[in-house]
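Peer 1: Provided herewith is a single structure, encoded as structure tokens, for subsequent inquiry.
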Amino acid sequence: MDQSKLLPEIKARRSIRKYTSQAVEQEKIDLLLEAARLAPSVCNLQPLKILVVNKPVDLAFVSRASYSLGAVATAPLIFVALVQKNITDCLSVRVGELLENGAIPQINLDNLVSAEGKPFKLKLGNKYTYMSAAAALEHIVLQALHLNLGSCWVNHFDEAEVRAYFSIPPDFEIISLLTLGYAEENPKPRPRLASLLYSPPVIQENSV
Ligand SMILES: Cc1cc2nc3c(=O)[nH]c(=O)nc-3n(C[C@H](O)[C@H](O)[C@H](O)COP(=O)(O)O)c2cc1C
């Protein structure tokens, strides 16, 4: 196992909130989008769409719609992350592709039961759509590291203002912004919990 890959880069990543004025090259934008396109998603539904904002007038608007706070103020590139609300309409097509590809076996779901005998239920809905979109956005964050670009997620923006400015139709939800660009700052590591390990509570059998 090569331990010199990925984790050191993950350790060096910071949310960048101050960027130089250098534009991000189209070639790099294409690579960032490609990294997101290849991300895993629930039932391969691929709910994420990205609006690329890099014109000064548009950036200035998005910055104001985001309270001109932190990363948006200087970012030369902002990805507006959208999810398609009716994405499950594509379920049979996407699952059909997976079956054809051999990625999943052709099985009768009606025969499946849980440990306690409950029938299988397909888990779809907003939670899984957001999880899928977040996975793809984090792919962009990691690809950005390789391209010497900083990034910062931004969820503090006025969705209605951004929607109106770019005429985004109601069948898309705007879930986040992702600012990108060449870093003008070198922040120290942000605090983290010592461990994410979860230990279930110990139940004392003779406690009553
Ligand atoms: C879903 C999400 C939303 C975030 N929203 C914002 C935001 O609105 N503004 C901001 O400056 N940073 C935002 N961040 C960045 C976090 O504040 C940052 O990741 C955290 O403080 C840890 O710092 P680090 O990324 O430098 O390790 C967001 C991060 C995530 C994952």
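Just so it is clear, none of the values below were taken in a lab; they were calculated from the coordinates. Not measured: the values here are computed from a predicted model. Here Cβ is always computed from backbone atoms with ideal geometry, including for glycine, and neighbour counts include all displayed protein chains.
Peer 1: Just wondering, is there one or more residues in region 1-21 that are small (Gly, Ala, Ser) and touching a strand residue (DSSP E or B) at 6+ places or on another chain (Cβ under 8 Å)?
Peer 2: Looking for residues that are small (Gly, Ala, Ser) and touching a strand residue (DSSP E or B) at 6+ places or on another chain (Cβ under 8 Å), one finds at least one in region 1-21, hence yes.
Peer 1: Then there's this: Only residues in region 1-15 that are in contact (Cβ under 8 Å) with a residue 12 or more places away in the chain and part of a loop (DSSP other than H, G, I, E, B) count as the first member; pair them with residues that are within 16 Å of the ligand (Cβ to nearest atom) and among the acidic types (Asp, Glu), Cβ under 7 angstrom, at least 6 apart or cross-chain, and list the lot.
Peer 2: No pair meets every condition.
Peer 1: Now for a different question. From the list LEU82, LEU91, LEU109, exactly one residue is in contact with a Phe, Trp or Tyr (Cβ under 6 Å, 6 or more places away or on another chain), closer than 20 Å to ALA39 by Cα and of a type outside the set (Lys, Arg). Which is it?
Peer 2: None of the other options fit; the residue is LEU82.
Peer 1: Further question on the same structure: When the residues of region 92-120 are narrowed to those that are among the hydrophobic types (A, V, I, L, M, F, W, C) and more than 19 Å from LEU45 (Cβ to Cβ), which ends up surrounded by the fewest Cβ atoms within 10 Å (Cβ to Cβ)?
Peer 2: Of everything passing the filter in region 92-120, ALA115 is surrounded by the fewest Cβ atoms within 10 Å (Cβ to Cβ).
This table checks each residue for (1) among the aromatic types (Phe, Trp, Tyr); (2) in contact with a Ser or Thr (Cβ under 8 Å, 6 or more places away or on another chain); (3) within 16 Å of the ligand (Cβ to nearest atom).
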site	(1), (2), (3)
GLN3	no, no, no
ARG37	no, no, no
ALA60	no, no, no
SER66	no, no, yes
ILE78	no, yes, yes
ILE87	no, yes, no
ASN108	no, no, no
VAL113	no, no, no
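Peer 1: Kindly indicate whether VAL93 is away from the ligand (no atom under 16 Å from the Cβ) and touching a Pro at 6+ places or on another chain (Cβ under 8 Å).
Peer 2: No: the conditions fail for VAL93.
Peer 1: Being surrounded by 12 or more Cβ atoms within 10 Å (Cβ to Cβ) and either under 21 Å from LEU147 (Cβ atoms) or away from the ligand (no atom under 15 Å from the Cβ) (or both) is the filter here; which residues of region 172-191 pass it?
Peer 2: The answer is PHE172, SER176, LEU177, LEU178, THR179, LEU180, GLY181, TYR182, ALA183, GLU184, GLU185, PRO187.
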